Every structure is written in C-alpha cells, then in structure tokens.
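The structure appears right after this line, and notes come after that.
The values are calculated or read from the model by the stated rules, or taken from the named source; none is laboratory data. If you're wondering where the values come from, they're calculated on a predicted model, not measured in any experiment. Glycine also receives a Cβ, built like all others from the backbone with ideal geometry; neighbour counts cover every protein chain displayed.
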Amino acid sequence: MPGEAVYLVSARGVRAVRGAPAEALAPLLDGSRTPDQVLREAAATGTDPEDLRRALAELWSAHLLRAHAHPSPSAPTAPDPSAEAFWDLAGATAPPATAVVRLVVLDGPVSPEEARDACTASGFVLAPPTAEAEDADLTLVLCADYLDPRLAGVDARQRAAGRPWILASPGGPEAWTGPVLRPGDGPCWHCLAERLRLQRGSEAPLHRVLGSTAPVSRPDASIAANRAAGLHTAVLETAKWLAGVPGPTRDAIHTFDALTLAGELHPVTRCPQCPACGDPGLVGARVREPFVPRPRPKATDGGNGHRSLSPRQMLERYGHLVGRVTGVVREVRRDPRSPAFTHSFLSGHNLAMRASTLDGHSAGLRALSGGKGLTAEEATVSALCEAVERYSGSRHGDEPVVRDSYRALGPAAVHPDAVRLYGPRQLRERDVWNAAGSPFQYVGRPFDEEAPLDWTPVWSLTGNTQRLLPTSLLYFDADPAAPLRADSNGNAAGSSREDAFVQGFLELVERDAVALWWYNRTLAPACDLGAFVAAGDTWIEPLRAGYRSLGREVWALDLTSDFGIPVVAALSRRTDRPAEDVLFGFGAHPDPRIAVRRALTEMGQLLPAVVDARPDGSGYTVDDPQAVAWWRTATVAGQPHLLPDPRLAPSGPGSHPYTPRADLADDVAALTALAAERGLEVLVLDQTRPDIGLPVMKVIVPGMRQFWPRFAPGRLFDVPVALGRLAAPTPYELLNPVPLFV
C-alpha cells in the first residue's frame, strides 16, 4: 500500500514493513531475480541504492526472504511453491532428493499399497520392498500394536545397520506416531516396550487364560478418514526428520484421538540398564554398593515428614513419570469418593499386590497405590512416590543374585524366617490360614534350608558388611509359585536415599508397634488431639468437623513402643447406626505432630470405602470380605482396645522427647543406633532404578513385626511384658483373631 507499508502475508500471520526502500523492493522479490538484479531494478525507481541494500539486508536478517537455487518459480522444473512455503515455516529446506525411505508394514488397517502411495505423494524415494535397513536413510514401520514381538527384530536390524527408524500405528480411534528410534542416540524399542507393558497390566488375567504373554489383540475401530489422517501424520513426521526439522516425535509418541481431535505428546526415555542398548549390570552394581549415608540438609521439616526436597520440588523433578502411555505411573488423581475435607489420591494398580486374576486386580483396600496429605500437592507427591516405590520394588530380572542353599551360603545369609516371622503353629495350620484367600494372612511353606534359591545382597548398617536375603523376599514377583513372597513393609521412596531410608525405617517402627497393640489387644493411652490443636495444629478441627458431618467421631491412641519413636493410631466410627464402620490409620515419626498428621491422613484413605455405606450393610466400595465384615460387625464395645485407657494420662505434643535434626544423615545414624541398642540388625537394599532416578530403599530389620498376623516368638510376645502392658506373654489362643486387612 503506497505511502503506508508493505504487508507480508504468510500462513502464520501478517507483518508490515514501512519505508520507501521496502516499497521499491517488494514487487521485485518474486523469486525470478538475483539480489543484484533486484537492487538494480529497485534503484531505477529513484530510491537511494544504499538504503535499498540496507533494507534488503534487514529483510534477510528478519528471515523474511529465501534464496532459490533453481530457476524461476514459473519454470517447469521449479519445486512446488506450497511445499517451499511449508519448509520455510519449518526453518528448513525440503528433504534431500537423494534421501531413501524404507517402508515396512507389519499389519493393521492400512495396506502396503496405501502406505506406498502416501509416501510417493510426499515425494519420497522408496527403497525396494526387499531392501535391508542399511539401504535406506530412514525406515518407516507401520504396525497395529507397538508391542508386536516382530518389532524386536526390526529394532535389532536397525541397530546393527546404525540406521534410524520411526514407528507408527495409524489405525484405531487413536493414531500413534513416533518416536524416531536412533541407534546409539536415545531409547531403543526395548526401552519403549518396557514402559508400554507396564501400562497394560490389566491384560494379566487374559495372559493367564490364553497361556501367552503376547499383547492382546484389539479389534480395529476406524474409518477411512482417520486411518488416512494417521497414515499421513506418520509420513509427515518422516519427511520432517529427513529435512532435519527437530519434530516433537524425536523422543516422544504423538497420539491423535480421532473422536475428540485431541493430540498429546508422551515422552520416551532411554533406559540406561536396558539389556539391548544399555548396561544391564547397572542395577547389580548399585545393589552391591555399601550404603554410606551422605549429608542431606532438610529442605522441609513439616508436611508429611522431614525431606531434602519440598513437595513442589518433588513434582518438578519427577512429575514427568506420570503418563497414560509411557509413564511409570499411569495417572495420579483424587479419589472421586473422597470427601472434600480429606486429600486422598490414587496412582494406579498396586504392584505389591500383583495378581493374575480379575478379583486380584479389583478387590481389596490395597488394590490401588495411593497417597495422602493435608494438601492436594502433598497427596499427589505421596501417591506418585508410592507408585514408583512399588514399580522399583518389582523384580525386573536384572537384580544381582547368588544361587545356592541357605546351608551352603554360611553366616552371610539371613534366615528368611527371621523376616517372615511365621509361628510354628501357623506353619502347621497354613492350609487353614490360606483358605481365607487373603494375601495379608497368607502363610508360606516351611523354608527348606537345603534347596537352591536365588539370594540378593543387602547392606548391614549395624554390621557394616554385606548380607544375603532370598531375592523373592526382597522384590515383588508376579510368579505365584515363588517359595517366598515379598511385601512392602519397609519399602519407601524419598527425595534422597537417606530420606527413603528414614521413611522405610519409620514404617517398620509403626507396623511393629501396631502389631504389639493389635494382636495383644492391650489398652493404650489417648493421644490428645485437642492438645495438638492448642500447639498450632489447627487443621485438626476442620478435619474432625468433616467427620462429624458424616455422623462420625474421631480419636487417637498413643502406641509408642520400646523404640520411643511416637506412634499414633487414628480411629473413627459411626455414631448414628449399629454398624460403626470403624476406621483406622497409623503414623510414626520422631516429631509427634507429624506422627499425628500421618495417622489422620492415612485414615482418610480408608474413608472413601465406607462413606456411602448404607444401613442394610451394602454400599461398601471394596470387595475384601474381611474388611467388609469388620465394618459391619466391629464395635468399640466389642473391641475395647480401640478406645483409650482411661487410667493412663493422655499424651500430647510434649510427651515424647524430641530434638530436631537438620540433616537426614543424622537421622539415619540415630535410627540405626536405636535398633542396635535393642540387639537388632538393620539391613538396607537400594531399589532405585536408573531409568527412574527417584530414590527407593527397602529397610529390613529381622525380628520386627509386620502388622499382618506373624506369630513367631519374639517381640510380639516379649515387648508388651517388658513395657509393663502385660504381666505375661499372650497365649497363642488369645491373640486377636481379627487380622489387620490393610
């Protein structure tokens, strides 16, 4: 527009360039002239040549001009101007004319002919159908399922040839494109497949029925339009890669939902310990290393414990682990049944409760991993950490093992019965225990000291030496025939290894104290929640008010054992109907205020299971028969140990000596010393996975009780007497017949 500006219009918008030099240059910039010709003809308008040169240079520097290495755009041999404009917007030139693409169509709703036509339409030079990986610059592989076993062979051939390949699944209601798998640079297919299999745990019952571990085929659900969209997206990403455009599918899967038109990117990361492209010895090397605590200043001493990172920092560092396609954790979400006054979050199937049947996947309070906190952020981090803890504690096959019998291994081996703690009578009556079908009261077979078994090293903090424990006691294993079973007692994820150790040890203290109380049914003093409110924990009152709005009351007990670390049980019951739906939650921490917080927030995780219970005994949202029977029948009148002992003074914030420490390494030393003073050995296993990075530790203290029924002689019978709670050990017949079911 003379006298106003030259307007440059592109697919991305409009730019205005002012000045007489621009007006003189614009009509000449049609691609048919060299820069010198443009300047000569523009100077004929009377515009100063120096101003013209300066204006042309400014247009170049602003990336508003593009040089052609070919004839005029109107020449017969000139490239497609639309394609040129596209690549110009991408900041690149078209893929080299010599680039060769190899097309592999494994199966799916897109035929090889359709795929070849799409590639040809975009100007690709296609390798012959018989070509090998080394004959092409890039291989495009189309499949129906990213877990197709044949892809392992494709990956091996591409890595052997050192050539990249791009994976795509164009059919179905959601098309997948990417990543570009580059040998020696980034993840391989096996790295990707590991994460994809994790997200398909719900197929386990079908694998059992079908007798196969292959991916379960899904029916195609597509029409020609969305199949074409998926195919051409894959072709587009192939073209962008050949042109050197750093597209989003370089290290990610792009999904396109044909029903909602929503697109998402799912990052794909390399697994450093991958047996195909990494070092499968990394996990073994980490496990064999002594655990030497390092200084870890505490970043926060509130919230859900003393940590070296705040909840916000934890989310910033590890939030990428959540994702429905390639995440370690499929999702972290608020429990939809949870009342507004509690923060209870869920984070997918609990891998510690692995099952190959539908009932095992859906029933029970512990079927799902979860987290809790006073805020949504705290609960989110808690749920994320528990899910990662369970994943990291699962057996992956790269754990270091020594195969031999207990007898042959000598004193380095720890007898598994010191950890399992089944009583002799339990072992004799194991068929009766196991008939209940509950994983919490399962009694394993008597241990065969002569049988060869896989053993894994653990580090003794008290003995400063390496010990050995059966591998199947340390890692969750999906094999139901395993002679020993691992549980999550003492497993913890944290902001550092020291943090994870502290949390794991405190869990042992908590569950040991709960077992002493529960199975002996001893009376405990009240934990005065009002005193904690007066000390500044004002959040307790709104929480109790929320429970009152549901017709419930809340109280707490002090279960602190011989360790002297405050252990709190929070309890709640209905007061408006005969079925009291008694709930409980537990917490342990050197700071009694945090112990109270943990107990009350943990109890909130059980509340969704009973919040919709009806007077007729229906409405519970879990199928665990033991839990439902407890809620329907248990009352404080029939279970007096649930109530505070009125003869004992209530405890409060100042009842237990507590000296804050500034460093988690000091906490590790103090807790280890407490165990050593009681003649207990502290063992630790680093379960951190190199591809995850979130520290996970398993702490084992042989002799300390799980809060499930474990009736071997020892602390369960001796400590209550030593503390003066009982005059004599409880006879086996008088132990609480109701096993804990959480």
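One residue stands out among those in region 106-122 that are among the small types (G, A, S) and within 38 Å of the chain's Cα centre (by Cα): the one that is nearest to L147 (Cα to Cα), which is G108. In region 91-101, what residues are hydrophobic (A, V, I, L, M, F, W, C) and in contact (Cβ under 8 Å) with a residue 40 or more places away in the chain? Across region 91-101, the qualifying residues are A92, A94, A99, V101.
Screening P215 against (1) at pLDDT below 95; (2) assigned to a helix (DSSP H, G or I) leaves a single unmet condition, (2).
The residue list L484, L557, L473, L529 contains one member that is crowded, with 21+ Cβ neighbours inside 10 Å and within 30 Å of T456 (Cβ to Cβ), which is L473.
I'm trying to understand the selection: among the residues of region 9-25, which are outside any loop (DSSP other than H, G, I, E, B) and either among the polar types (S, T, N, Q) or touching a Phe, Trp or Tyr at 6+ places or on another chain (Cβ under 9 Å) (or both)? I'd like the intermediate steps shown before the answer.
Keep residues of region 9-25 that are outside any loop (DSSP other than H, G, I, E, B), which gives 9-10, 13-17, 20-25.
Residues satisfying the conditions are S10, V14, R15, A16, V17.
Of everything in region 304-337 that is among the β-branched types (V, I, T) and surrounded by fewer than 22 Cβ atoms within 10 Å (Cβ to Cβ), the residue that is nearest to D663 (Cα to Cα) is V322.
V628 fulfils the conditions (1) part of a helix (DSSP H, G or I); (2) closer than 27 Å to A675 by Cα except for a single criterion, (2).
Test G604 against the criterion of being on the phi > 0 side of the Ramachandran plot and touching a residue at least 12 places away in the same chain (Cβ under 8 Å), and give yes or no.
Details: on the phi > 0 side of the Ramachandran plot: no; touching a residue at least 12 places away in the same chain (Cβ under 8 Å): yes.
Here the answer is no, as G604 does not meet what is asked.
If only one of G652, G693, G679 is surrounded by fewer than 21 Cβ atoms within 10 Å (Cβ to Cβ), under 30 Å from C191 (Cα atoms) and of a type in the set (G, A, S), which one is it? First the steps, then the outcome.
Working: G652 fails: under 30 Å from C191 (Cα atoms); G679 fails: under 30 Å from C191 (Cα atoms).
Only one candidate passes the filter, namely G693.
Looking at region 392-404, which of the residues that are closer than 30 Å to S347 by Cβ and in contact with a Ser or Thr (Cβ under 9 Å, 6 or more places away or on another chain) is surrounded by the fewest Cβ atoms within 10 Å (Cβ to Cβ)? Across region 392-404, the extreme among qualifying residues is P400.
Taking region 437-496 and the strands (runs of 3 or more DSSP E) fully enclosed by it, the elements with 1 or more residues that are closer than 16 Å to S392 by Cβ are at 453-460, 491-493.
Residues are listed down the side, and each one gets a yes or a no for (1) within 28 Å of D691 (Cβ to Cβ); (2) not aromatic (F, W, Y):
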site: A221; (1), (2): no, yes
site: R227; (1), (2): no, yes
site: T238; (1), (2): yes, yes
site: W241; (1), (2): yes, no
site: G247; (1), (2): yes, yes
site: A258; (1), (2): no, yes
site: T269; (1), (2): yes, yes
site: D279; (1), (2): yes, yes
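Within region 230-263, the set of residues being out of contact with any strand residue (DSSP E or B) (no Cβ under 7 Å at 6 or more places or on another chain), of a type outside the set (A, V, I, L, M, F, W, C) and part of a helix (DSSP H, G or I) comprises H232, K240. When you scan region 224-243, do you find a residue that is of a type in the set (D, E), at pLDDT 95 or above and either touching a Ser or Thr at 6+ places or on another chain (Cβ under 7 Å) or closer than 16 Å to L142 by Cα (or both), even just one? Yes, region 224-243 has at least one match.
Taking A225 as the residue in question, decide whether it is surrounded by fewer than 19 Cβ atoms within 10 Å (Cβ to Cβ), in the same structural domain as P109 (by the TED database) and more than 23 Å from the chain's Cα centre (by Cα).
Numbers: surrounded by fewer than 19 Cβ atoms within 10 Å (Cβ to Cβ): yes; in the same structural domain as P109 (by the TED database): yes; more than 23 Å from the chain's Cα centre (by Cα): yes.
Against the criterion (surrounded by fewer than 19 Cβ atoms within 10 Å (Cβ to Cβ), in the same structural domain as P109 (by the TED database) and more than 23 Å from the chain's Cα centre (by Cα)), A225 qualifies.
Listed by first and then second residue, the pairs with beta-carbon distance under 8 Å, at least 6 apart or on different chains, first residue in region 510-537 and farther than 14 Å from P592 by Cβ, second of a type in the set (A, V, I, L, M) and part of a helix (DSSP H, G or I), are A515/L716; L516/L716; L516/V719; Y519/L716; N520/L716; T522/L516. None of L39, L64, L56, L28 is surrounded by 11 or more Cβ atoms within 10 Å (Cβ to Cβ) and in contact with a strand residue (DSSP E or B) (Cβ under 7 Å, 6 or more places away or on another chain) except L64.
Y620 passes every criterion in (1) assigned to a helix (DSSP H, G or I); (2) without any contact (Cβ under 8 Å) to a residue 12 or more places away in the chain apart from (1). Filtered by the rule that a residue be in a loop (DSSP other than H, G, I, E, B), surrounded by fewer than 16 Cβ atoms within 10 Å (Cβ to Cβ) and within 34 Å of the chain's Cα centre (by Cα), region 405-424 gives a lone residue, H415.
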